[in-house]
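> Take a look at the following structure, please.
The values are calculated or read from the model by the stated rules, or taken from the named source; none is laboratory data. Note that this is a predicted model, so its numbers are computed, not measured. Virtual Cβ from ideal backbone geometry, glycine too; neighbours counted across all protein chains shown.
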């Protein structure tokens, strides 16, 4: 007889025991803890990305700041007579004023005693100067000319001592070339005006004499073997110039002499003292305007000319059909018709203009940027000088000496100079150029981000061109056609490839693969064509074999048959390479490419990078794409096959469409890996920042450029900050690619989710 359950018994059996309730509660706590941990990890990742983003902006932002000028102080000049020039020492604590009378006075220009006179030293009490000249700013030399055609060259110097552990700067006058006078005019005529410069081997002086002759004298240095002192041997020349003489300029390397006569500039080649040649006469004035002053930029490759219409133009030598000629490159419309002087910086291509109303303008030539304009004095500025570090300046307006502080750390950088063509000194035309360092002091850094951004995209393009077909084909075959037993071996093996350090791949590509490609280039080209064709022919031939033969190979293991085919085709390609090179390319394929096709062949080129970096990218694309294809629900493919579709039809119209979001994600992940790759492109390319799609030339990428140049860049310098800007651009590249990938993936997922 069956027992009868009461309502009480039924309720007791339906309630779970207390032990099971406690188990569910602990599981709930674990779920919440896991949810919190995963969410916190995701938030931390986002915070880390935002911190990287804003830190890069923090480092980069100063290079786009405008120049600033602040007045430190001013004092009244008590010296009698006319001021010839002035300057400051490196720490901007002491300034010096050179008077036309031949006296040099030193003043305190920093601290509470600003304007206090420290000392006054005469140049020569026995002679009265009648003219004065100063060298290029970085040389720091000054010279006085006398009535007998001689000049005395001097340099303000500052001795530093530490009595009682306190730094004391003692100003003095030094004669770095000796205290002897230099006889500039062999006829001993008075020097009305002159310009001079000094190199390690010689001193050159360009002078206008009292009898209206323009003389060029070079003093050659010879060391006296007995005393060890330098002896100067003069070589005299006279230059033919028509008309009045308004200005004289001499390049610091003594290779060019410039004589301005009204609106014409006579340019002489003075490299050979025995054969001085007039190479060009510039009619440099603008329409309806007259030249008022001129100057040479730092490096002395550029001539700056100011007109009375407010235009300041830059001229430098470029190659033409008739040889090298000075051409007008760019101009600055200052809207200031009262310019009285152009003053260059010591080393950078910045220049300053001053006018009759006390206004100052700061400009940078290469970026064609107007950095600052404003009023710094109440009357005409007669003299102006920068400090050696370009962080301060001193000027004279009437009898008032003003000291100003200048914040102008990165004048060479503008958005247009980073991303547009720039015409640099010595180049025949504007271009995109990255060249951050040089052995020359006259070198101007070139910071175009275009060639290294182009190199990044070029390297990624060739890597993806090599990797995507192989990786996707392998992923589809492995997931859809390959037998489970073989798949268990192949998939882990390919994924292990991803653990191979890229520095090893770069090392092998640069030192092993690149020479092979260079020596057997025909074999590589044949292999790229013959390998896929041989696979197709093998597959076609396999289908024509008797069914009994085909049954010997298990289903899903046919790929093993291609291993001997690949080896055989590879061996045959390299075996016939010398014959192909001799038959088609005259025995030297590199010479054929260069002479016949005009292509430059670099040993470490895009072909090497494409193969090596493609090899590194293949595992990433393969793994994600294979998982996407393999994860397609079996009922979709089985249903398609049941309805009479073939395996290929099912693959193309069902499986690949369903897996397309994952496949696209795989490609974009591989692209992101290729864009950010460093060591392979660093070791397997020539690291040349050129813009050329040729597969036989190299490139420089953003990541490789940062790796190469960051260790040698000065912290806080323009170079340093632009490298961070390159990192920011790389960050933006990957962000954009990932954003596009996610958007497209979502669209594909929504479109094919109904399957």
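> If you go through the stretch 611-618 one residue at a time, do you hit one that is more than 14 Å from residue 673 (Cβ to Cβ), under 28 Å from the mean Cα position of the chain (by Cα) and surrounded by 16 or more Cβ atoms within 10 Å (Cβ to Cβ)?
There is at least one residue in the stretch 611-618 that is more than 14 Å from residue 673 (Cβ to Cβ), under 28 Å from the mean Cα position of the chain (by Cα) and surrounded by 16 or more Cβ atoms within 10 Å (Cβ to Cβ).
> One residue is enough: does the stretch 368-383 have a residue meeting the conditions within 34 Å of the chain's Cα centre (by Cα) and buried (at least 22 other Cβ atoms within 10 Å of the Cβ)?
No; the residues of the stretch 368-383 include none that is within 34 Å of the chain's Cα centre (by Cα) and buried (at least 22 other Cβ atoms within 10 Å of the Cβ).
> Another one. Of everything in the stretch 349-366, what is under 18 Å from residue 136 (Cβ atoms) and out of contact with any strand residue (DSSP E or B) (no Cβ under 7 Å at 6 or more places or on another chain)? Give them in sequence order.
none
> Are any of the residues in the stretch 175-187 under 26 Å from residue 384 (Cα atoms) and part of a strand (DSSP E or B)?
Start the filter on the stretch 175-187 by keeping residues that are under 26 Å from residue 384 (Cα atoms), which leaves 175-177.
The next check asks that each one be part of a strand (DSSP E or B); those that pass are none.
Within the stretch 175-187, not a single residue is under 26 Å from residue 384 (Cα atoms) and part of a strand (DSSP E or B).
> While we're on this one: Search the stretch 169-189 for residues that are assigned by TED's automatic domain parsing to the domain that holds residue 231 and at pLDDT 90 or above and pair each with any residue that is surrounded by fewer than 17 Cβ atoms within 10 Å (Cβ to Cβ) and outside any strand (DSSP E or B) when their beta-carbon atoms are under 7 Å apart and the residues are at least 6 apart or on different chains.
What qualifies is 188/148; 189/210; 189/211.
> Give, as residue ranges, the helices (runs of 4 or more DSSP H) completely inside the stretch 439-528 that count at least 1 residues that are closer than 30 Å to residue 413 by Cβ and modelled with pLDDT of 90 or more. Give the steps one after another, and end with the answer.
Numbers: elements: 450-476, 484-497, 502-508, 514-519.
Qualifying helices (runs of 4 or more DSSP H): 450-476.
> Could you tell me whether residue 526 is closer than 30 Å to residue 477 by Cα and surrounded by 18 or more Cβ atoms within 10 Å (Cβ to Cβ)?
Numbers: closer than 30 Å to residue 477 by Cα: yes; surrounded by 18 or more Cβ atoms within 10 Å (Cβ to Cβ): yes.
In short, yes.
> When only residues in the stretch 405-436 that are over 30 Å from residue 327 (Cα atoms) and surrounded by fewer than 21 Cβ atoms within 10 Å (Cβ to Cβ) count, which is farthest from the chain's Cα centre (by Cα)? Write out each step before concluding.
Within the stretch 405-436, the first condition is being over 30 Å from residue 327 (Cα atoms), and the residues that meet it are 405-407.
Checking which are surrounded by fewer than 21 Cβ atoms within 10 Å (Cβ to Cβ) leaves us with 405, 407.
On the way: 405: 29, 407: 23 Å.
Only one residue tops the list, namely 405.
> Is there a residue in the stretch 367-389 that is in a loop (DSSP other than H, G, I, E, B), in contact (Cβ under 8 Å) with a residue 60 or more places away in the chain and closer than 17 Å to residue 85 by Cα?
Step one: of the stretch 367-389, the residues in a loop (DSSP other than H, G, I, E, B) are 367-368, 376-380, 387-389.
If we keep only those that are in contact (Cβ under 8 Å) with a residue 60 or more places away in the chain as well, we get 376, 387-389.
Next, only the ones that are closer than 17 Å to residue 85 by Cα stay: 387-388.
Yes - at least one qualifying residue is present in the stretch 367-389.
> In the list 611, 654, 629, which residue meets the criterion of being under 28 Å from residue 686 (Cα atoms), in contact with a helix residue (DSSP H, G or I) (Cβ under 7 Å, 6 or more places away or on another chain) and assigned to a helix (DSSP H, G or I)? Reasoning before the result, please.
Details: 654 fails: under 28 Å from residue 686 (Cα atoms); 629 fails: under 28 Å from residue 686 (Cα atoms).
When all the criteria are applied, what remains is 611.
> A follow-up question, please. Of the residues 570, 586, 541, only one is in contact with a helix residue (DSSP H, G or I) (Cβ under 7 Å, 6 or more places away or on another chain) and either surrounded by fewer than 14 Cβ atoms within 10 Å (Cβ to Cβ) or not assigned by TED's automatic domain parsing to the domain that holds residue 678 (or both); which? Spell out the reasoning first.
Numbers: 570 fails: either surrounded by fewer than 14 Cβ atoms within 10 Å (Cβ to Cβ) or not assigned by TED's automatic domain parsing to the domain that holds residue 678 (or both); 541 fails: in contact with a helix residue (DSSP H, G or I) (Cβ under 7 Å, 6 or more places away or on another chain).
Criteria check complete, one pass: 586.
> Which residues, taken from the stretch 142-168, are over 42 Å from the mean Cα position of the chain (by Cα) and either under 16 Å from residue 128 (Cβ atoms) or modelled with pLDDT of 90 or more (or both)?
144, 145, 146, 147, 148, 149, 150, 151, 152
> Okay, moving on. Looking at the stretch 266-282 only, could you name the residues that are touching a residue at least 60 places away in the same chain (Cβ under 8 Å) and under 14 Å from residue 315 (Cα atoms)? Walk me through it before giving the result.
Initial filter on the stretch 266-282 (touching a residue at least 60 places away in the same chain (Cβ under 8 Å)): 270, 276.
Selection gives nothing.
> So which residues in the stretch 146-168 are part of a strand (DSSP E or B) and free of Cβ contacts under 8 Å to residues at least 24 places away in the same chain, if there are any at all? I'd like the intermediate steps shown before the answer.
Looking only at the stretch 146-168, we keep the residues that are part of a strand (DSSP E or B), and these are 150-161, 168.
Selection gives 155, 157, 159, 160, 161, 168.
> Give the stretch 273-296 a look and list any residue that's farther than 21 Å from residue 242 by Cβ and at pLDDT 90 or above, or say none.
295, 296
> Tell me which of these residue 723 doesn't satisfy, since it passes every other one: (1) touching a residue at least 24 places away in the same chain (Cβ under 8 Å); (2) in a helix (DSSP H, G or I); (3) buried (at least 16 other Cβ atoms within 10 Å of the Cβ).
(1)
> Continuing with the same structure: Given the condition under 16 Å from residue 456 (Cβ atoms) and assigned to a helix (DSSP H, G or I), answer yes or no: does some residue in the stretch 659-666 qualify?
Within the stretch 659-666, the first condition is being under 16 Å from residue 456 (Cβ atoms), and the residues that meet it are none.
For the stretch 659-666, residues under 16 Å from residue 456 (Cβ atoms) and assigned to a helix (DSSP H, G or I): absent.
> If you don't mind, another one. Here are the criteria: (1) more than 15 Å from residue 479 (Cβ to Cβ); (2) surrounded by 15 or more Cβ atoms within 10 Å (Cβ to Cβ). Tell me which single one residue 650 does not satisfy.
Here residue 650 clears every test but (1).
> Going through 625, 674 one at a time, which residue ends up being closer than 24 Å to residue 737 by Cβ, buried (at least 20 other Cβ atoms within 10 Å of the Cβ) and within 36 Å of the chain's Cα centre (by Cα)? Lay out the reasoning, then the answer.
Values: 625 fails: within 36 Å of the chain's Cα centre (by Cα).
That would be 674, the only listed residue that is closer than 24 Å to residue 737 by Cβ, buried (at least 20 other Cβ atoms within 10 Å of the Cβ) and within 36 Å of the chain's Cα centre (by Cα).
> Sticking with this one: So is residue 549 at pLDDT 85 or above and part of a helix (DSSP H, G or I) or not?
On the way: at pLDDT 85 or above: no; part of a helix (DSSP H, G or I): yes.
For residue 549, the condition - at pLDDT 85 or above and part of a helix (DSSP H, G or I) - is not met.
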